[in-house]
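Derivation of every value follows stated rules applied to the coordinates shown; laboratory data play no part. Given the structure is predicted, the values throughout are model-derived calculations rather than measurements. Cβ coordinates were reconstructed from backbone atoms using ideal geometry, including for glycine residues, and neighbour counts include every protein chain displayed.
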Amino acid sequence: MICEIERGTSMGSLGSILQERTGMSRSSLEKRVAELERQLAELLSRGEQPSATSWRETVGMFSRDPLMKEIDAAGQAWREADRLKARRSRATATKAKP
C-alpha cells in the first residue's frame, strides 16, 4: 500500500498526498492506473487457463542443481528438528499428567 489515508479526506487533499508520497502528479497516476486497467482487461480477455498437467512440466527441473539439493537438505533438517521438538513436548506433557 502506498499510504494510509484518513476517512473523509477530500479528493483535492488526496491528490496532494499522492503527489507528495509518490512523486507523481494526479494526472500521471490517472494515466498509470488507466494503462494498468487496460493491461489487466487484456490479460483477462485472453481466457487462458493452465493445463491440467502443467505441474508435471516443472517436476524434476531442479533435480541436478546443487543449490536445490542444499535447500532440500536444509528443509528436511528443519522438519526433522520440528518432529523431535514435538515428540519431546508430548513426552514431557505425558509425564506431567498424574
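So which residues in the range 70-89 are under 24 Å from the mean Cα position of the chain (by Cα) and not hydrophobic (A, V, I, L, M, F, W, C)?
Glu70, Asp72, Gly75, Gln76, Arg79, listed by residue number.
Name every residue in the range 32-57 that is within 30 Å of Leu18 (Cβ to Cβ) and either among the small types (Gly, Ala, Ser) or in contact (Cβ under 8 Å) with a residue 24 or more places away in the chain (or both), in order of residue number.
Scanning the range 32-57 gives Ala34, Ala41, Ser45.
Which of the residues belonging to the range 18-55 are hydroxyl-bearing (Ser, Thr, Tyr), under 23 Å from the mean Cα position of the chain (by Cα) and surrounded by 10 or more Cβ atoms within 10 Å (Cβ to Cβ)?
Passing the criteria: only Thr22.
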